[in-house]
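Step one of this worksheet: look at the structure below.
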Amino acid sequence: MSARSRLYLVLLTALAALATGLCAPVAAQNADPHTTVLDGARLHRTKVRFDHGDPQLRREVRALTARADKWLDQGPWTVVDKPRPAPGGDVHDYLSQAPYWWPSQAPSADNPWGCPYVQRDGERNPEVDSGTDRQDVEKTFDSAYDLSLAWYYTGEKRYARKAGQVLRTWFLDPATRMNPNLDHAQFIPCKYDGRAIGIIDFSQSYTSVLDALALLETGAPGWSSKDRTGMARWNTDFLRWLKDSDFGKQEGAAANNHGTFYDLLLAGLAHATGDKDLARRTVLDARSRRVAPQIAADGSQPQELTRTRSWHYSTFDLVAYTRLAAIGRHVGVDLWAYRGPDGQSLFKAVDYLLPAATGAAVWPHPELEFLRYAATDVVHAAADAGDVRAREAVPRLEAPPGGDLWALRPAAEQLDSIAG
């Protein structure tokens with residue numbers, strides 16, 4: 001072969017490789033995302049409609065990108081930024097403080113915390129927002145989700161690159177990463193260095209990060225194979241801690257929203273890391289372990305109604321249930337179809353909220369701050385699952401601040417946050 005022929009072959013090979021590299025992300029983004037809670041096929045169909053100019057979706061994408069735009073000049077956040085480490089002394093350990101516990105004494109030189117601490121249910125101690133990682137982790141989760149969704153629908157690289165920076169800083173970079181445990185979550189000064197109940201700091205919203213990762217893995221610029229491998233390893237280690245630690249076992253035994261959210265996190269991590277059997281077992285077991293004992297025959301949730309913020313906690317628990325049901329869809333379990341021995345079901349639990357959710361009646365239980373829109377997402381979920389009453393109620397729901405984004409991310413979010 002002549003020198004000219006060899007050069008021509010080299011150029012053709014290089015051009016082919018370049019073309020493959022340019023087309024690969026586009027091809028990947030045109031595939032269904034392998035999401036854990038969200039329905040990847042549905043997201044793909046929605047994206048196609050948006051790309052073809054659907055006017056309603058264009059309005060909703062503008063609302064989504066407005067959320068994402070606010071994150072572009074914030075963060076990234078890290079566990080190593082807190083003013084003092086967790087009680088174990090490792091700055092890479094996550095630390096949060098119990099939100100409803102307050103000092104009973106004025107702080108002094110001999111008693112700097114004002115101990116002992118006493119519980120005031122539903123009243124949030126502002127101390128929890130300083131000196132711990134609680135607010136920063138919530139910003140990490142929310143921003144990664146919003147930014148990844150915004151990139152998925154618009155293709156604007158700045159959203160993906162910011163999401164990648166946020167995730168790498170919190171989970172992967174050796175200097176700033178979080179250790180994959182929650183040994184010091186929701187500590188109480190002078191009382192506990194950490195509590196099992198603190199797992200809810202992650203269980204209430206970490207599954208949105210799992211979906212953000214799945215979206216980025218469809219070809220996001222700046223999200224590398226090294227990043228994917230690193231997050232897969234972190235999630236595997238975190239799942240092992242969740243299953244095997246004493247705190248994990250205690251939280252799994254909880255009989256209220258903590259137990260429901262534990263199942264959501266366990267099933268979500270199992271699905272995302274490839275343990276589909278564990279994900280399926282968790283959703284199946286939730287029928288007799290969660291729905292039957294935690295939802296009454298009339299659809300009320302007795303454990304949540306005892307709280308000073310009973311509306312919030314009733315909707316909050318259903319966020320976990322509806323997201324768990326969404327995971328069930330991926331592993332062949334229809335949690336919506338389950339009926340307990342007294343007729344308990346997720347449909348009944350959502351229907352119990354409908355009079356207050358639509359403004360037709362006053363919520364008849366204690367509530368320090370009633371926010372009607374807190375139920376909007378869970379009613380959407382029930383309507384999508386086939387609940388006729390919920391479907392009829394959708395037009396009368398109150399949109400949450402920032403707009404109703406159900407069409408773009410059809411999985412319930414916690415819309416009324418009093419814990420973060």
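What's the angle, to the nearest 10 degrees (0 to 90), between helix 225-244's Cα axis and the longest principal axis of the chain?
30 degrees
PRE reach from K70 (point 7 Å along Cα→Cβ): which of the range 380-420 fall under 11 Å by backbone N?
Counting backbone N atoms under 11 Å from the label point, the list is 401-403.
Accessible surface of K139 in the full protein assembly, 1.4 angstrom probe, to the nearest 10 Å²?
70 Å²
If ligands, DNA and RNA are left out, what is the accessible area of R84 with a 1.4 Å probe, given in Å² to the nearest 10?
Answer for R84: close to 120 Å² accessible.
Limiting things to C-alpha atoms, what are the Rg and the maximum Cα-Cα separation (Dmax) for the chain, in angstroms?
Reported Rg and Dmax, both Å: 22.9, 90.
Within the range 347-379, name every residue whose backbone N is under 17 Å away from a label modeled 7 Å from Cα of V118 along the Cβ vector.
No residue qualifies, since no backbone N sits under 17 Å from the label point.
Looking only at the range 299-330, which residues have a backbone nitrogen under 17 Å from a spot 7 Å from the Cα of K191 in the C-beta direction?
Answer for the range 299-330: 308.
Measuring with a 1.4 Å probe in the full set of protein chains, what accessible area per residue, in whole Å², belongs to the range 85-187?
Here the residues of the range 85-187 average 38 Å² of exposed surface.
Relative to the longest principal axis of the C-alpha atoms of the chain, give the angle of the C-alpha long axis of helix 134-154, reported between 0 and 90° and rounded to the nearest 10°.
Here the helix axis deviates by roughly 40 degrees.
Using only DSSP helix segments of four residues or longer, with each worth -39500 (n - 2.57), what per-residue ellipticity at 222 nm results for the chain after dividing by its residue count and rounding to 500?
That calculation yields -16000 deg cm²/dmol at 222 nm.
With all protein chains present, how much of the accessible area of the chain (probe radius 1.4 Å) comes from carbon and sulfur, to the nearest whole percent?
53 percent
Calculate the spin-label point distance for E369 paired with S225, positioning each point 7 Å from the Cα along the beta-carbon direction, and give it in nanometres.
So the two model labels end up 4.8 nm from each other.
Just to verify a number: FRET efficiency for S130 and A109, C-beta to C-beta distance, R0 = 25 Å, to 0.05?
Between S130 and A109 the formula returns 0.80.
Which of the trypsin sites (Lys or Arg not before Pro) across the range 291-353 are loop residues per DSSP, with 16 or fewer other Cβ within 10 Å?
Qualifying residues, ordered by number: R339.
What is the packing order of peptides 172-178, 276-282, taking the mean over residues of other C-beta atoms within 10 Å and listing the highest first?
276-282, 172-178
Quick one: accessible area per residue over the range 213-286, 1.4 Å probe, rounded to a whole number of Å²?
Ligands and nucleic acids excluded, the result is 39 Å² per residue.
Computed on alpha carbon atoms, what radius of gyration and Dmax characterise the range 296-420, expressed in Å?
Using the Cα atoms of the range 296-420, the pair Rg, Dmax is 13.6, 40 Å.
At 25 °C and 0.890 mPa s, what whole-number value in µm²/s does Stokes-Einstein give for the translational diffusion of the range 160-291, with Rh from the Kirkwood sum over Cα pairs?
It comes out at roughly 157 µm²/s.
May I ask you to rank F50, F247 by accessible area, largest first, using a 1.4 Å probe over the protein chains only?
Greatest to least solvent exposure: F247, F50.
I want to check the label-to-label distance for D334 and S245. Put each point 7 Å from Cα in the C-beta direction and report it in nm to one decimal.
3.7 nm
Of the candidates N257, N235, N111, which one comes out as most mobile in a Gaussian network treatment of the chain with C-alpha springs shorter than 10 Å?
Fluctuation is largest for N111.
In the range 186-245, which trypsin sites (Lys or Arg not before Pro) are in a loop and have at most 16 other Cβ atoms within 10 Å, using DSSP for the loop call?
K191
Can you tell me the orientation of helix 257-272 relative to the chain, as the angle in degrees between its alpha-carbon axis and the longest Cα principal axis, to the nearest 10?
The helix 257-272 is inclined about 20 degrees to the chain.
Leaving out ligands, DNA and RNA but keeping every protein chain, what accessible area does V362 have, in Å² rounded to the nearest 10, with a 1.4 Å probe?
130 Å²
Would you kindly calculate the translational diffusion coefficient of the range 27-165, applying Stokes-Einstein with the Kirkwood radius from alpha carbon pairs, for 4 °C and a viscosity of 1.567 mPa s, and quote it in µm² s⁻¹ without decimals?
Translational diffusion coefficient: 71 µm²/s.
What order do you get for 68-77, 266-275 when each peptide is scored by the mean count of other beta carbon atoms within 10 Å, highest first?
In descending order of packing, they fall as 266-275, 68-77.
Compute the distance from the alpha-carbon center of the range 367-390 to that of the range 221-249, in whole Å.
A separation of 32 Å, based on Cα centres.
The values are calculated or read from the model by the stated rules, or taken from the named source; none is laboratory data. Not measured: the values here are computed from a predicted model. Here Cβ is always computed from backbone atoms with ideal geometry, including for glycine, and neighbour counts include all displayed protein chains. Surface areas here come from the heavy atoms of the whole protein model, side chains and all, with no ligands, DNA or RNA. Shrake-Rupley method; radii C 1.70, N 1.55, O 1.52, S 1.80 Å.
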